[in-house]
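For reference, the structure discussed in these notes is given below.
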Amino acid sequence: MKIALLGSGQLALSVAWGICHSELAQEVVFISTQSSGKHGNRSSRNSRPIADGVEDLTLATAMSASDTAVSFTDSGEELSDSDVVVLLPASVPFGFHSAQALKTTNLSIARQVVPKVLEWTQNAKILVAMPFANYISAWIHQTHEADNVIGVANGVSTAHLKSEIATRLGLSVKDVSALAIGNDEVTYPLPQYCRMNGIPLTQLMDESDIESLSATVAERCPYTSASEWTLVSHILQVLSAISLDKKRVMSVGTRISTDTTSVFLNVPSKIGSDGIEQIIPLELTNPQREQFTQLVAQSAASQNFG
């Protein structure tokens, strides 16, 4: 398998190290998203740290006896034969305080790099791993008619939900399984699908505590806060499911089609070597159905690029 990482900085290097360490691919290639603009040498100066990092990563893979080949280029031609292309933010957005600014910046990056991706690849799975991933995934699908697009956006909310459950119960997070759905701006935990080593959450917490837990997670906005390591972990989980054909069920940005609309939402999907292979149906309560209907309507409005 060949995985292409479009982005720069420590985030890209962290993802690459995880790929190499787990031997999820035979080849990892970094593709620079920097543009030289008016200054011909600006791109080379900005790409120097990533080039140095790739050299260090190559030595690290040799030390750990990984056979993954690592390279760095600014040529779109190197995207050819990629099985997976990961779109990363140019850098972790520590300084962002405006959600709209973050959305606009990452969509601008996507407008720059996606045509290059589609020019050189035909069957690659595209992982949108930048904030507002559902919004950007919808733009890719609507603008370029690309079907195999996955939004990697819900990791922080799921991690926060699992951590909150473990903390409130005073038990190990290793035994927690949790599920939340939503879009780029709204998260809805589903308590009926949360378990502690198979034991339903309703047997361990009373209704008021579950409502408090759900409210705490729903109020958290992960898209304007730093979440580098959580994002890296989520990306690697999705890549592992594809590379090893694990058929894992995870809440990821998936295209949902109804009779009247098509939107990207964070819903549980089975992920294997073909990307998203199945959307897992859910049994929702009446209030949750109303929330889901509102979620679709809100997403349809925000993801309309027509």
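The values are calculated or read from the model by the stated rules, or taken from the named source; none is laboratory data. What you are looking at is a predicted structure, and each value in this text was computed from that prediction instead of being measured. Please note: Cβ atoms are built from the backbone with ideal geometry, for glycine as well, and neighbour counts cover all protein chains shown. Ligands, DNA and RNA are excluded from the accessible area calculation, which covers all protein heavy atoms including side chains. Shrake-Rupley method; radii C 1.70, N 1.55, O 1.52, S 1.80 Å.
Assorted remarks:
- Looking at the stretch 56-200 alone, DSSP beta bridges between its own residues are antiparallel in about 50 percent of cases.
- Helix 99-120 vs. the chain, principal-axis angle (Cα, 0 to 90°, nearest 10): 50
- In degrees, nearest ten, helix 207-219 long axis to first principal axis of the chain (Cα): 30
- Cut-off of 10 Å, at most 16 other beta carbons, DSSP loop: longest stretch of the chain lacking such GluC sites (Glu not before Pro): 24-144
- Accessible area per residue, Å², the chain with all protein chains present, probe 1.4 Å: 47
- Overall, the chain carries a charge dipole of about 420 debye about its Cα centre when +1 sits on the Cβ of Lys and Arg and -1 on the Cβ of Asp and Glu, all other atoms neutral.
- Scalar couplings 3J(HN,Hα) for the stretch 125-138, obtained by applying the Karplus form with A = 6.51, B = -1.76, C = 1.60 to θ = phi - 60°, are 7, 9, 9, 8, 10, 10, x, 6, 5, 5, 4, 6, 4, 4 Hz; x denotes Gly and Pro.
- Extending 7 Å from Cα along the Cβ direction at Ala301 and again at Glu277 yields two label points whose distance is 3.8 nm.
- Solvent-accessible area assigned to carbon and sulfur over the chain amounts to 48 percent, based on a 1.4 Å probe.
- Taking amide H as placed 1.01 Å from N in the peptide plane, the amide H of Val267 sits under 5 Å from that of Val252, Thr254, each at least 5 places away or on another chain.
- Rounded tilt (10° steps) of 286-302 against the dominant C-alpha axis of the chain: 30
- Long-range amide H partners of Phe30 with built H, under 5 Å: Leu5, Ser71, Phe72, Thr73
- Length released on extending from Trp229 to Ser64, taking residue separation times 0.36 nm less the Cα-Cα span: 57.3 nm
- Of the labelled figures [x] 20.3, 67; [y] 18.2, 60; [z] 19.5, 63, only one reflects Rg and Dmax of the Cα atoms in Å as derived from the coordinates, namely [z].
- q = 0.13 Å⁻¹: log10 I(q)/I(0) that the Debye formula gives for the stretch 121-250, counting C-alpha atoms only: -0.60
- DSSP beta bridge pairing in the chain, given as percent antiparallel to the nearest 5: 50
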